[in-house]
1. Looking at Met36, is it away from the ligand (no atom under 16 Å from the Cβ) and either touching a Ser or Thr at 6+ places or on another chain (Cβ under 6 Å) or under 23 Å from Gly202 (Cα atoms) (or both)?
2. Among the candidates Ser212, Ser281, which residue alone is under 21 Å from Arg337 (Cβ atoms) and either charged (D, E, K, R) or open to solvent by less than 50 Å² (accessible area, probe 1.4 Å) (or both)?
3. All but one of (1) part of a loop (DSSP other than H, G, I, E, B); (2) at pLDDT 95 or above; (3) under 19 Å from Ile161 (Cα atoms) hold for Ser2; state the number of the condition that does not hold.
4. I'd like to know if segment 128-135 contains one or more residues that are in a helix (DSSP H, G or I), modelled with pLDDT of 95 or more and more than 30 Å from Ala60 (Cα to Cα).
5. Answer yes or no as to whether Pro132 is farther than 17 Å from Tyr77 by Cα, in contact with a Gly (Cβ under 7 Å, 6 or more places away or on another chain) and surrounded by fewer than 18 Cβ atoms within 10 Å (Cβ to Cβ).
6. Out of all the residues in segment 325-340, which are in a helix (DSSP H, G or I) and open to solvent by 30 Å² or more (accessible area, probe 1.4 Å)?
7. Just for helices (runs of 4 or more DSSP H) wholly inside segment 28-126: which have at least 2 residues that are open to solvent by 30 Å² or more (accessible area, probe 1.4 Å) and under 17 Å from Leu160 (Cβ atoms)?
8. Return yes when Glu300 is surrounded by 17 or more Cβ atoms within 10 Å (Cβ to Cβ) and more than 16 Å from the ligand (Cβ to nearest atom) and no when it is not.
Amino acid sequence: MSYSFPVTRTTHPKPRPEDESKLGFARYFTDHMFVMDYDEGQGWHDGRVVPHEPIAIEPASCVLHYAQMMFEGMKAYRTPSGEIQLFRPDMNVKRMKRTNERMCIPDLPDDLLVAAVKAVIKEDIDWVPSAPGTALYIRPFIFGDEVSFSVLPAKHYRFLIILSPTGSYYAANDGGLSATRIFVQDKYIRAAQGGTGYAKVGGNYGGGMRASLDAMKYNCKDVLWLDAAEHKYVEEIGTSNAFFKINGEVITAPLDAGTILPGITRDSVIRLLKKWGVPVSERKLAIEDVFAAQDRGELEEIFASGTAAVISPIGTLNYNGEDHAVADGKVGPLAQRLYDALYGIQTGTVEDDMGWTLPLGLKA
Ligand code: COI
């Protein structure tokens, strides 16, 4: 379907950040956003691009009390020729469907996400950064704002897309990679089987903040979650999926228990490794086996993958207060190779022989 969204331009454009090497993650937001409403009986309607500004929300709205919401994370990149492109947006659409189904949120037409993203980026195209390691982070989200305290799905929703010029979540300021310290969390859990672990919902992250604070006490940037049933198997990192390279094999937690976020970068890493002939398995891995491999000298690398995190090498695991250096605390060669390949494809400096990029037909 072809969409046409009315645009209200801001009368107060903001100054854009001057130094793109110091953007950080989601600290600046662009001038415009996309908004659309859903009413029971009417469906999704009135998509529009409006100035990015605070929105009014009735204090009794269901999302503020029962957290009926979802979000996505994606990025737009500026290629050397000035074309703006997305990375595997079809995967965001698929994940959004699964999250919406889990959260009883009415689904969007399949082609709406990209059309809406394009409409808002068109107004803020000058905000798409081009410095090494940067991208325009795109945060689509939906929340139920029916005034109701019934613990039942809302009858009215809002869908918004906001944009932020951003560096990668853990990256060094120069856009290069730096190794991160991660805290192994064996007290709190992120997601149990049957819960919302595979869905992209705020509650998964809000429930993890207590653990993130604990991690910071040990000077760690984030947590490595273990499984909820036995507190034994590695699952994912607070913001990202986790990969372990042990004796030549790359291992990541499997999706089948429904407790892991099906990361788009995770899937891309697996596909690239298969293409390169690097052995890769989606299987359970006990944290004790990670440390046993380290004792044998077989733990080669650990890295995180995510839209925000891109590829983030892990240089230290802290477990029960004790530091365990991984790859001598340095950036591992496989993490670097994956980062270069992925970010190169995303920004158009490496040929996209996987068919992953979608040029938006917008030129800066
Ligand atoms: C993303 O990578 O897009 C995410 O949503 C992770 C976020 C929690 C920082």
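1. yes
2. Ser281
3. (2)
4. Taking every residue of segment 128-135 in turn, none turns out to be in a helix (DSSP H, G or I), modelled with pLDDT of 95 or more and more than 30 Å from Ala60 (Cα to Cα).
5. no
6. Correct list: Ala327, Asp328, Gly329, Pro333, Gln336, Arg337, Asp340.
7. Details: elements: 62-66, 89-103, 112-123.
Once the helices (runs of 4 or more DSSP H) in segment 28-126 are filtered for at least 2 residues that are open to solvent by 30 Å² or more (accessible area, probe 1.4 Å) and under 17 Å from Leu160 (Cβ atoms), what remains is 112-123.
8. yes
The values are calculated or read from the model by the stated rules, or taken from the named source; none is laboratory data. Predicted, not measured: the structure shown is a model, and the values here were computed from it. No Cβ is skipped: glycine too gets one built from the backbone with ideal geometry, and neighbour counts run over all protein chains shown. Accessible surface areas use protein heavy atoms only, side chains included; no ligands, DNA or RNA. Shrake-Rupley method; radii C 1.70, N 1.55, O 1.52, S 1.80 Å.
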